[in-house]
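Working notes, beginning with the structure itself.
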Amino acid sequence: LEKKETERIEIFIRKLHDHTIPSALITNPSNVFYFTGIAIDPHERFLGLLINAKEERSLFIVPELEEEKAKESHLDLLVYKDNENALEMLSKAITSTSLGIEKEHISLKRAEALAYFTKLQNKDFSGYDEVSDFIMEMRLIKDPGEIQMIKQAALCIDNALEKCMTYIKPGRTEKQLKSRLLAEIAQQEGTEGAAFDFQVSAGPDASNPHGITGDRAFEKHDVILIDCGVNYQNYRSDITRMFFIGSPTKKVAELYNIVLAAQDAAINTAGIGVKAGKVDIAARMVIEKAGYGKNFSCRVGHGLGIDIHEAPSIHDKNDSQLKAGMVFTVEPGIYIPGVVGIRIEDDLLITEHGAEVLTHFPKALNEIIL
Ligand code: MN
Ligand code: MN
């Protein structure tokens, strides 16, 4: 392990001690990465990191095909073959009377099987404790190295989008633009592809906040929504930009400027000590005042980092205070079903000196008319 991962495990162990939890099993691959520096997508196979707080020892449980990768962690490994039962093997290493798990991640089937095997040899085993929140609290505040990665991810998506602008023309389809953007993302040095299965929607398709990318061909005067991001060494960016083929109608231009003003209000509100909910409310007020409150149904943003959606959730009822090192999106929108959807999304870092916008792609109306 590198120093930062060792320190993270130490902090986690302290939290376990504070809650008198003797050991914990981490199974969420993003959290396994956070503590080991090793990114493994196990698909349906079992992946785990057993952290014994009492003995301050860790055991990394990996399928055989990931053994070489896992070795880089220099942790003790428990390697299992496809014809072996990982949970039964793991149960032999569980000597404590209870085990912390991420209840939001491990399946009930696996948790029950693990408890069954553990009780066979450890009669005092009583069950599980929840530790998801301890890790969430840690990941909420990004360290300088993590911030650097997210900044790179933001820079890469800015560049990839820029490269695609001349490709947006009447006749091109949503899918064609998406594959072009994917290619540009792949060209960016250090990236590991898109941050998520992203969206390119045109015309009325954009009115669905989680719209799919289809075969619709762009037409003159179309509104095009691109919501995309980059995975840069396992850290993500997330940006939404609108493009207009030719000048938008007066109505659409008006909607766009409302959303832009709402986003501006949210960004200007964010800062250390501010309640997260206030950021949402700032954007919501602008959109409500303009008469479109019911067309902005979702929260204004979400945290991002190793995962594209993580804590904090920026919704109006979140009373927790923003702290330096938090990174989250600000993405107000106006969605008129079947007619038009406008969203503008940027990534924000809370610093000692205020909120820093990490994504820089132009968004003034006159800069996005093609
Ligand atoms: Mn997005
Ligand atoms: Mn987002």
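The values are calculated or read from the model by the stated rules, or taken from the named source; none is laboratory data. This one's a predicted model, so the numbers in the text were calculated from it and none came from an experiment. Glycine also receives a Cβ, built like all others from the backbone with ideal geometry; neighbour counts cover every protein chain displayed. Only protein heavy atoms, including side chains, enter the accessible area calculation; ligands, DNA and RNA are left aside. Shrake-Rupley method; radii C 1.70, N 1.55, O 1.52, S 1.80 Å.
Identify all residues within the stretch 224-244 that are open to solvent by 10 Å² or more (accessible area, probe 1.4 Å) and under 18 Å from L370 (Cβ atoms); write none if there are none.
D227, the sole residue that qualifies.
Would it be correct to say that D346 is assigned to a loop (DSSP other than H, G, I, E, B) and either free of Cβ contacts under 8 Å to residues at least 12 places away in the same chain or closer than 22 Å to F198 by Cβ (or both)?
For D346, the condition - assigned to a loop (DSSP other than H, G, I, E, B) and either free of Cβ contacts under 8 Å to residues at least 12 places away in the same chain or closer than 22 Å to F198 by Cβ (or both) - is not met.
I'd like to know if the stretch 279-292 contains one or more residues that are over 27 Å from L140 (Cα atoms), small (G, A, S) and in contact (Cβ under 8 Å) with a residue 24 or more places away in the chain.
Yes: one or more hits.
All but one of (1) more than 13 Å from ligand 1 (Cβ to nearest atom); (2) part of a loop (DSSP other than H, G, I, E, B); (3) acidic (D, E) hold for D197, so report the exception by its number.
For D197, the exception is condition (1).
Of the conditions (1) out of contact with any Leu (no Cβ under 6 Å at 6 or more places or on another chain); (2) without any contact (Cβ under 8 Å) to a residue 12 or more places away in the chain; (3) farther than 23 Å from A202 by Cα, G354 clears all except one; give me its number.
That leaves (2) as the condition not met.
Which numbered condition in (1) in contact (Cβ under 8 Å) with a residue 40 or more places away in the chain; (2) under 24 Å from the mean Cα position of the chain (by Cα) is the only one that H19 fails?
(2)
Would you check which residues across the stretch 291-341 are open to solvent by less than 10 Å² (accessible area, probe 1.4 Å), within 12 Å of ligand 2 (Cβ to nearest atom) and within 30 Å of F35 (Cβ to Cβ) and list them?
If the condition is that a residue be open to solvent by less than 10 Å² (accessible area, probe 1.4 Å), within 12 Å of ligand 2 (Cβ to nearest atom) and within 30 Å of F35 (Cβ to Cβ), then G301, H302, G303, L304, I314, V327, F328, T329, V330 are the ones that fit.
Filter the stretch 173-216 down to residues that are basic (K, R) and either within 16 Å of ligand 2 (Cβ to nearest atom) or closer than 19 Å to N159 by Cβ (or both) and give me whichever is least open to solvent (accessible area, probe 1.4 Å).
If we take residues in the stretch 173-216 being basic (K, R) and either within 16 Å of ligand 2 (Cβ to nearest atom) or closer than 19 Å to N159 by Cβ (or both), then K178 is least open to solvent (accessible area, probe 1.4 Å).
Taking I334 as the residue in question, decide whether it is in contact with a helix residue (DSSP H, G or I) (Cβ under 7 Å, 6 or more places away or on another chain), at pLDDT 95 or above and β-branched (V, I, T).
Answer is yes for this residue.
Can you list residue pairs whose Cβ atoms sit under 6 Å apart, with the first residue in the stretch 77-92 being within 13 Å of L50 (Cα to Cα) and the second being assigned to a loop (DSSP other than H, G, I, E, B)? Count only pairs 6 or more apart in sequence or on different chains.
A86/F46
Being open to solvent by less than 20 Å² (accessible area, probe 1.4 Å) and either in contact with a His (Cβ under 9 Å, 6 or more places away or on another chain) or part of a loop (DSSP other than H, G, I, E, B) (or both) is the filter here, so list the residues in the stretch 258-284 that pass it.
Across the stretch 258-284, the qualifying residues are A270, G271, A276, G277, D280.
Among the residues of the stretch 113-136, which ones are in contact (Cβ under 8 Å) with a residue 24 or more places away in the chain, within 21 Å of I9 (Cβ to Cβ), out of contact with any Leu (no Cβ under 9 Å at 6 or more places or on another chain) and assigned to a helix (DSSP H, G or I)?
S132, I135, M136 - these are the residues of the stretch 113-136 that are in contact (Cβ under 8 Å) with a residue 24 or more places away in the chain, within 21 Å of I9 (Cβ to Cβ), out of contact with any Leu (no Cβ under 9 Å at 6 or more places or on another chain) and assigned to a helix (DSSP H, G or I).
Tell me which of these I26 doesn't satisfy, since it passes every other one: (1) touching a His at 6+ places or on another chain (Cβ under 9 Å); (2) without any contact (Cβ under 8 Å) to a residue 60 or more places away in the chain; (3) among the β-branched types (V, I, T).
It is condition (2) that I26 fails.
Among the listed residues A276, A262, which satisfies the condition of being of a type in the set (G, A, S), touching a Phe, Trp or Tyr at 6+ places or on another chain (Cβ under 9 Å) and without any contact (Cβ under 8 Å) to a residue 60 or more places away in the chain?
A276
Checking K294 against (1) part of a helix (DSSP H, G or I); (2) within 14 Å of ligand 1 (Cβ to nearest atom), only one condition comes out false. Which one?
(2)
Only one of K109, K103 is open to solvent by 90 Å² or more (accessible area, probe 1.4 Å) and not in a loop (DSSP other than H, G, I, E, B); which?
Only one candidate passes the filter, namely K109.
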